[in-house]
Amino acid sequence: MPASVKVIVNFSKKGLMRYISHLDLLRLFGRALRRAGVPLEVSGGFSKHPEVKIKRALKLGLESDNEEVEIGLREQISLEEFKNKLQAQLPEGIKIT
């Protein structure tokens, strides 16, 4: 079984997305990754969830240009393909930088 791959993605959170909570942002990335069809790593156990970790929790209502999310993948894919697939599934206000 191949080892998982960790990808660190920098993103900005602007406009109306500044009002999204930290937990909702985690759910947003999980759903966007599933819709993008990337080989997402999931946790073990009864209640499986995607391996997505946001480095810092940003206060509600603040915009940011430099946030980081760590995403676990089951296998390696090209970074350009990953970025294009994920950005296509993210709402206006969340932009991969």
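Key figures for this structure:
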| read-out | value |
| --- | --- |
| For region 89-97, 3J(HN,Hα) per residue [Karplus equation, 6.51 cos²θ - 1.76 cosθ + 1.60, θ = phi - 60°, Hz, x = Gly/Pro] | 9, 8, x, 4, x, 10, 10, 6, 10 |
| Accessible surface, per residue, of the chain when the full set of protein chains is kept, probe 1.4 Å, Å² | 63 Å² |
| The chain, dipole about Cα centre (Lys/Arg Cβ +1, Asp/Glu Cβ -1), debye to the nearest 20 | 260 debye |
| Within a Gaussian network of the chain (alpha carbon springs, distance under 10 Å), most fluctuating of Gly15, Gly30, Gly45 | Gly45 |
| Exposure of Ser78 as accessible area (Å², to 10), given a probe of 1.4 Å and all protein chains | 60 Å² |
| 3J(HN,Hα) from dihedral phi, region 69-79, Karplus parametrisation 6.51/-1.76/1.60, rounded to Hz, x for glycine, proline | 10, 9, 10, x, 10, 6, 8, 7, 10, 5, 5 |
| Entries in Lys14/Lys95; Lys6/Lys53; Lys48/Lys85; Lys59/Lys85 that, when Cα-Cα distance is taken, lie over 18 Å | Lys48/Lys85; Lys59/Lys85 |
| Length added when fully stretched, Lys85-Asp24, from 0.36 nm per residue minus Cα-Cα | 19.9 nm |
| Under the Karplus curve 6.51 cos²θ - 1.76 cosθ + 1.60, θ = phi - 60°, whole-Hz ³J(HN,Hα) for region 53-64, x wherever Gly or Pro sits | 10, 8, 4, 10, 7, 8, 4, 4, x, 9, 8, 8 |
| Accessible area of the chain belonging to carbon and sulfur atoms, whole % at 1.4 Å probe | 53 percent |
| GNM result for the chain, Cα springs below 10 Å: residue of Glu70, Glu41, Glu81 fluctuating most strongly | Glu81 |
| Folded to 0 to 90 degrees: helix 22-36 orientation relative to the chain principal axis, Cα | 50 degrees |
| Largest to smallest accessible area among Ser4, Ser43 [probe 1.4 Å] | Ser4, Ser43 |
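The values are calculated or read from the model by the stated rules, or taken from the named source; none is laboratory data. In this text the structure is predicted, and so the values were computed from the model without any measurement. Reconstructed Cβ throughout: ideal geometry from the backbone, glycine too, with neighbour counts over all protein chains shown. To get the accessible areas, we keep the full protein, side chains included, count just its heavy atoms, and leave off ligands, DNA and RNA. Shrake-Rupley method; radii C 1.70, N 1.55, O 1.52, S 1.80 Å.
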